[in-house]
Amino acid sequence: MPELPEVETVRRGLQPVMEGAKILKAEARRADLRFPFQPDFVARLKGQVVTGLGRRAKYLMADLASGDVLLMHLGMSGSFRVIRPDNDAQPGEFHYPRAKDSAHDHVLFRMSSGADIVFNDPRRFGYMKVIARDALDEEPLLRGLGPEPLGNEFDAAMLAQSCAGKTTSLKAALLDQRVVAGLGNIYVCEALHRSHLSPRRIAATLSTKKGEPTDHAKRLVGAIHTVLNDAIKAGGSSLRDHRQTSGELGYFQHSFKVYDREGEKCTMPRCGGTIKRFTQNGRSTFWCPKCQK
């Protein structure tokens, strides 16, 4: 499932053709994706100007002039592509031809910017929903989400406070969307490695008895910031389904230090350890037992 960097990459690809443009046509080509479309889904979108395109955790959020918000989730295999009549740009180095099977093109937005935006989702785990902006705080899909890891309020003190007293593993705590929003398996593994912290470490060790952040918490927050920003610059990670709106692959997977590198040597200076994998909370965890404590 796409994580924060992949969703942010998609947002940046859609922004130039979506933000400030009117939705001239909205088309839902089936009755549902992961969830059924609302009966008035198309009607609430047609003719509306997109005043802003943001992101919350792993959700794309398009603000509409009507006061509604279009909430979009990519699911497991969802992707957007932008089609322009005059688009003759050459594919980039990591371009991957998209499937030509239009049977998986489930949603279309025709924008006044001259672009068609098509949502393709073979597995149909993605979803879209139109929500009144003043009802967002009560929206079940968003309620309870923790702070944005790249937001100004997310720092070592906040993370320490969220993890204080938690006896769960540090990795499980970071994957809890109530602790921090948008992180997934890949970037948690990478951030823990960069901060030299074991995924098995007890989450409460990020906080002192007085509730203050430990050095572990400070290192971890710095590593989270670095790995997410590096991944966004690289267009995210393309392992199975992620594509940028241009059709290009993200290429942060070429910079993985531990994820999917079982049996390879650790790249940390003067470490010399070997990357191991084990199952944790039903997911594969990749780490270096020698330098992550």
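In nm, what is the difference between 0.36 nm times the number of residues separating residue 279 and residue 133 and their Cα-Cα distance? Mind dumping the intermediate values first?
On the way: separation 146, 0.36 × 146 = 52.56 nm, distance 3.98 nm.
Extra length available between residue 279 and residue 133 comes to 48.6 nm.
Placing unit charges on each Cβ (+1 for Lys and Arg, -1 for Asp and Glu) gives the chain a dipole about its Cα centre, and among 141, 289, 256 the Cα reaching farthest toward its positive end belongs to 289. Sorting 257, 293 from the fewest to the most surrounding beta carbons within 10 angstrom yields 293, 257. Taking 4 °C and 1.567 mPa s as the conditions, I'd like the Stokes-Einstein D for region 4-138 in µm²/s, using the Kirkwood hydrodynamic radius from alpha carbon pairs. Roughly 85 µm²/s, to the nearest whole number.
Calculate the FRET efficiency for residue 178 and residue 233 from the Cβ-Cβ distance with a Förster distance of 35 Å, rounded to the nearest 0.05. Could you put the intermediate results ahead of the total?
Working: r = 28 Å, r/R0 = 0.80.
Working from the Cβ atoms, E equals 0.80.
Computed about the Cα centre, the dipole magnitude for the chain is approximately 1060 debye when only Lys and Arg (+1) and Asp and Glu (-1) carry charge, each at its Cβ. Among 268, 179, 160, which residue has its Cα furthest toward the positive end of the charge dipole of region 156-287, with +1 on Lys/Arg Cβ and -1 on Asp/Glu Cβ? Farthest along the dipole direction, towards plus: 160. Under the convention that each Lys and Arg Cβ holds +1 and each Asp and Glu Cβ holds -1, the size of the dipole of region 156-287 around its Cα centre is about 420 debye. Its Cα gyration tensor gives the chain an equivalent ellipsoid, and the semi-axes of that ellipsoid, as √(5λ) in whole Å with the largest first, are 36, 23, 15.
A straight chain from residue 49 to residue 225 at 0.36 nm per residue would run longer than the Cα-Cα distance by 60.1 nm.
Fewest-first ordering of 291, 163 by other beta carbons within 10 Å of each residue's beta carbon gives 291, 163. For region 122-139, backbone phi angles converted through the Karplus equation (6.51, -1.76, 1.60; θ = phi - 60°) give residue-by-residue couplings of x, 8, 6, 9, x, 7, 9, 7, 9, 10, 5, 4, 6, 10, 4, 5, 9, 5 Hz, Gly and Pro being listed as x. Taking amide hydrogens as placed 1.01 Å from N in the peptide plane, the amide H of residue 51 sits under 5 Å from those of 20, 63, 64, 65, each at least 5 positions away in sequence or on another chain.
Using the Cβ-Cβ distance between residue 124 and residue 209 with R0 set to 41 Å, the FRET efficiency from 1/(1 + (r/R0)^6) comes to roughly 0.25. Listed by chain and number, the lysines whose alpha-carbon sits under 27 Å from that of residue 129, ignoring those within fewer than 8 places in the same chain, are 22, 25, 46, 58, 100.
A short reminder: the numbers here are calculations on the coordinates, not readings from a lab. Note that the structure is predicted; figures quoted are calculated from it, not measured. Neighbour counts run over all protein chains shown; Cβ positions are idealised from the backbone, glycine included.
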